[in-house]
Amino acid sequence: MKHGYLSQYFDGVALKRLSAVEVDMISSHQHEFNGVEGLREILGEPAGKVRYEAKFMYLTDYEDDPIIEDGFLTWYDARQKARLERGVMRYEYRLYFPTNQVSQCAAVGDLLLIAKRPNNTLLAIVAERETTIAKQIMWLFGFSSLAHPGFSIREDLETEQDRIAFASRFILESIGIVVETTEETWLDAMLQKFNGCFPTTREFSAYARSTLKDINPQDGPDDVLMAWLEREEILFRTLERHLIGDRLADGFDGDVDGFISFSLSVQNRRKSRVGLALENHLECLFAELGVRYSRTAITENKTKPDFLFPGHTEYHDLGFNPLNLTMLGVKSTCKDRWRQVLAEANRIEHKHLLTLEAAISSNQTDEMQAQKLQLVLPQRIHESYTQAQRTWIIDLSSFIGLVKERQHSKV
């Protein structure tokens, strides 16, 4: 097992698409998956039934929270008795599962993931077909297609593809795997600088940038943005881990409401911080590269686009050519929320959206194109998209070039 790779969290994974027969079996309570022969590579060939504790999840793009249920999966050879009693030399391994909320949501064509964890438990995920989350799971584990009806298996999860990067962490956390990246050598300096508390997001973003003194935005905004974000993520998780540890050590003395409130505050801080950090680092890039902008300027119906170019004064000047106006929405992850950007800055027909989300489905990007919304992604994330999608997606450097061109236009 290598730290920072998928092998740190999985001993092996198996993916397949659910067939009509399997979905019928689920509804008729037979409860066994087909095409499980390949699972012998990660579950072995036990002499008897092996029951694994399992976490079941159903994922879709249209719900913020997945359906989660604890249960079990049973791995066994249905022909073992026949071999022992009648000498029938056949093996027929099966994977049995009980009825639960996740199995009841499953439909034909949905993606099924069976993953073995290092603690000898299983993760069973059903992701709705043709969704972004299904595509992300395939990309995360290095599967380009699932052509045959059985399970496709991967045991070796330590290739370059399996290195956990910023985009990978988003996907892992969406399937319930918390990736803790810390750098303890910075802890004392942060505790001293911030007096043992969490600073504002703007302060923390500036601090993260200050620890990367050799990085120059002129060297390439795409790589610089990702370097700043990754450094801030590591530093934040380091500080958070220490401060949370201190709070837990103090205990809650039976205060259940206090514990729940504390837990929710941790989750909410994590969610809001990433989006704000992304905006903070973009703002710094724009300023360093001489791009004029306004952040969260008010437009029609009191909407506040994340960035307006060249600024709110030009936007509200009806004599200013709208073709030289640009707006950029910023969302660390999209899901179905990208449509919110469409209602902002009515004077600008073709809008832009920057995200860090990998492997958005073709259905979603096709709809973005139809709605005249241009997707902007740091260059490093482009590889998670299909070749057809890449011909349309632009990187941050190209976006900045477009804004600068409009900024200097005399028309």
Problem set entry | Any pair with Cβ under 7 angstrom, 6 or more apart, that starts in the range 250-265 at a residue that is outside any helix (DSSP H, G or I) and ends at one that is open to solvent by less than 80 Å² (accessible area, probe 1.4 Å) | 252/258
Problem set entry | Index of the failed condition, residue 359 passing every other in (1) surrounded by 20 or more Cβ atoms within 10 Å (Cβ to Cβ); (2) within 19 Å of residue 400 (Cα to Cα); (3) hydrophobic (A, V, I, L, M, F, W, C); (4) in contact with a helix residue (DSSP H, G or I) (Cβ under 7 Å, 6 or more places away or on another chain) | (2)
Problem set entry | Subset tally (residues that are under 29 Å from the mean Cα position of the chain (by Cα), aliphatic (A, V, I, L, M) and more than 20 Å from residue 272 (Cα to Cα)) for the range 303-345 | 5
For this session: Looking at (1) closer than 19 Å to residue 170 by Cα; (2) open to solvent by 60 Å² or more (accessible area, probe 1.4 Å); (3) not acidic (Asp, Glu), find the lone condition where residue 388 falls short.
Result: (1)
Problem set entry | In the range 85-105, residue modelled with the highest pLDDT [restricted to those that are farther than 14 Å from residue 73 by Cβ and in a loop (DSSP other than H, G, I, E, B)] | 92
For this session: Output the residues belonging to the range 280-297 that are free of Cβ contacts under 8 Å to residues at least 60 places away in the same chain and open to solvent by less than 20 Å² (accessible area, probe 1.4 Å).
Result: 294, 297
Problem set entry | When residues of the range 24-53 are limited to those that are of a type in the set (A, V, I, L, M, F, W, C) and open to solvent by 30 Å² or more (accessible area, probe 1.4 Å), the one modelled with the lowest pLDDT | 47
For this session: Any chance you could count how many residues in the range 322-346 are among the charged types (D, E, K, R) and surrounded by 17 or more Cβ atoms within 10 Å (Cβ to Cβ)?
Result: 3
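The values are calculated or read from the model by the stated rules, or taken from the named source; none is laboratory data. Model, not experiment: these values are computed from the prediction. Using ideal geometry, Cβ is built from the backbone for each residue, glycine included, and neighbour counts are taken over all protein chains shown. Only protein heavy atoms, including side chains, enter the accessible area calculation; ligands, DNA and RNA are left aside. Shrake-Rupley method; radii C 1.70, N 1.55, O 1.52, S 1.80 Å.
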